[in-house]
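The values are calculated or read from the model by the stated rules, or taken from the named source; none is laboratory data. Predicted model, so just to flag it, every value in this text is computed and none were measured. Don't worry about glycine lacking a Cβ; one is built from the backbone with ideal geometry, like all the others, and counts go over all protein chains shown.
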Amino acid sequence: MIVDLAEQPADRFLSTDVLIIGAGISGLLLAARLRDLKIPVIVLESGGRKPDEGEHPLNRVVQINETYRGAAHGRFRCLGGTSTRWGGALIPFLDQDLDDRPHIDLPAWPVGMQELRPHIADIEAQFGIDSGPYDEDFIRTCGAGKHVPAGDADFLPRFAKWPKFHRRNVATLLKARIEGDPDLQVWLNATATGFECDDASDRLRAVTARHPGGRKVNVTAKHIVVCAGAIESTRLLLLLDSQSERRISRECAVLGRFFHDHVSMHVAGIRARRVVDLNRLAGFRFMGPTMRSLRFEFSPSAQSRDCAGSAFGHISFIPAGDSGFDALRNFLSALQRNGRIDPGAALQIFHDVPYLTKAGFWRYFHRQLLWPTPASYELHVVAEQIPQSSSRISLAAERDVFGCPLAAIDWCVGQADYLTINSFVRRFAPFWKRHGLEAIGELEWLVDPSSKDVGSYKGGGDVFHPGGTTRMGMDGRSAVVDRNLRTFAVSNLWIASTSVFPSGASANPTLMLMLFTMRLAAHLGAQLGRSC
């Protein structure tokens, strides 16, 4: 059931079993799973039904160091949150990403992949994607052995899965549940601004959310889960801390610290010698309803030898002009954002019938996306940042419309990040040669692939994968939440956000967030006497 705080005639006072702050990917998935367990849920969402076309005013931050682009362009306050614009890539971290990595001074996560892996099938079913492998075993499944090299010591071919566009927006995916379940209340235009802690215990009693017009809703709950995205979840915990005599930071030394992302860098152009074979190597593949994309992942053994972090490389194409591909992508993206067909975008598709016809035949015969031509081709490296305590989110002096402090972000790309990219490049150049890939495309490097000097490396930027600032760990001084995502300082407060991830690891964090969310749902169900 959807309720808009802006339309309420008076302030409201509510009570529930579980209160969720944020109606994005983790918030709505958690709410739906808890309702499967018959647990009453209220969700507070700061935005409205649809995403704003520009930057939402409540997403303003104070940038202290380098500009962190994800603050303005990677967050959306609305029903569905960032899933309204989410690219769709789903891939789990490698087991080794969560293990102890002494070569970069990172301890093991308190939860291993063996505990999360059982939830993968559930997520795949939810998003309607195939259940095949993510690693090089997929090469045999899709018949790509002739085109994709495997068995290399330095690079692992892995394949992300992408749901169909109309299934990427969780608000659309769960529309019937959200609109038709009276025991699942989703309050829109309700920004969490106040936290009432119980002085006699270590619990959070209630949360107050407000609309800019002045209307308020106050919710008491047995359990509160913050699912507001990494930056906003951290800001809310800092706000709670400031309103409760430093209840969290009094003992915890890391709240807001170790902010990290992945860093992407364009490292080479590719002069195509055989465009068809380059397409067969790196073009999106289709397995039933699922689209797959190839990435060359830096192997854990190579990382250990070079004392580097995780990274992966991917090949992208840039059409030389407007094409049927662009029109089709724009049409499907509009469908994802709004859940309905945009007639103008639909008409644009038919402006390039020859490409669409060829693309249809190519998909039928090769089960791949046909790249439009002419185009240019690029190699990009995406590397994890080694978490640093000095990289952080804090509360700024500047305030929002509710009088609450904005988030201040102190972030930069450091030498350790460029060292990981450099290590990847130095090993990728000979990898490309030893597998005969020079015959289909020549790498035209923008950096020296044989040098260990990173002095010329610059221009790396974030890719909207923030994490680390409410990190997970084994004790309340070095971590904000425990292995079950419960805050050490407040016994009924939980965080389901990538902000709990101690490191960025090897891949897009979305699937991992979903896995932790499903695990949390089972844990909360057990806490409330309900089980799957």
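Consider segment 308-328 and keep the residues that are in a strand (DSSP E or B) and of a type outside the set (Val, Ile, Thr). The one that is farthest from the chain's Cα centre (by Cα) is PRO319.
Go over the candidates PHE195, PHE127 one by one and state the one that is over 22 Å from the mean Cα position of the chain (by Cα), among the aromatic types (Phe, Trp, Tyr) and modelled with pLDDT of 95 or more. Talk me through it step by step, then tell me what you get.
Working: PHE127 fails: over 22 Å from the mean Cα position of the chain (by Cα).
The match here is PHE195.
Comparison of GLY24, GLY54, GLY112 shows that the only residue that is in contact with a helix residue (DSSP H, G or I) (Cβ under 6 Å, 6 or more places away or on another chain), small (Gly, Ala, Ser) and without any contact (Cβ under 8 Å) to a residue 40 or more places away in the chain is GLY112.
Among the residues of segment 240-255, is any within 17 Å of the chain's Cα centre (by Cα), crowded, with 21+ Cβ neighbours inside 10 Å and modelled with pLDDT of 95 or more? No: segment 240-255 contains no residue that is within 17 Å of the chain's Cα centre (by Cα), crowded, with 21+ Cβ neighbours inside 10 Å and modelled with pLDDT of 95 or more.
Consider segment 308-325 and keep the residues that are crowded, with 17+ Cβ neighbours inside 10 Å and at pLDDT below 75. The one that is farthest from TYR377 (Cα to Cα) is GLY324.
Across segment 375-390, the qualifying residues are those that are in contact with a Gly (Cβ under 8 Å, 6 or more places away or on another chain) and not in a strand (DSSP E or B), and the one among them that is farthest from ILE318 (Cα to Cα) is GLN388. Has segment 300-307 got at least one residue that is in a loop (DSSP other than H, G, I, E, B), surrounded by fewer than 24 Cβ atoms within 10 Å (Cβ to Cβ) and in contact with a helix residue (DSSP H, G or I) (Cβ under 6 Å, 6 or more places away or on another chain)? So far as segment 300-307 goes, yes, one or more of its residues are in a loop (DSSP other than H, G, I, E, B), surrounded by fewer than 24 Cβ atoms within 10 Å (Cβ to Cβ) and in contact with a helix residue (DSSP H, G or I) (Cβ under 6 Å, 6 or more places away or on another chain). If we scan segment 26-46, do we find a residue that is in a loop (DSSP other than H, G, I, E, B), among the small types (Gly, Ala, Ser), touching a Ser or Thr at 6+ places or on another chain (Cβ under 9 Å) and buried (at least 16 other Cβ atoms within 10 Å of the Cβ)? Yes, segment 26-46 contains a residue that is in a loop (DSSP other than H, G, I, E, B), among the small types (Gly, Ala, Ser), touching a Ser or Thr at 6+ places or on another chain (Cβ under 9 Å) and buried (at least 16 other Cβ atoms within 10 Å of the Cβ). ASP100 satisfies every condition listed in (1) within 23 Å of VAL207 (Cα to Cα); (2) surrounded by fewer than 19 Cβ atoms within 10 Å (Cβ to Cβ); (3) acidic (Asp, Glu) except (1).
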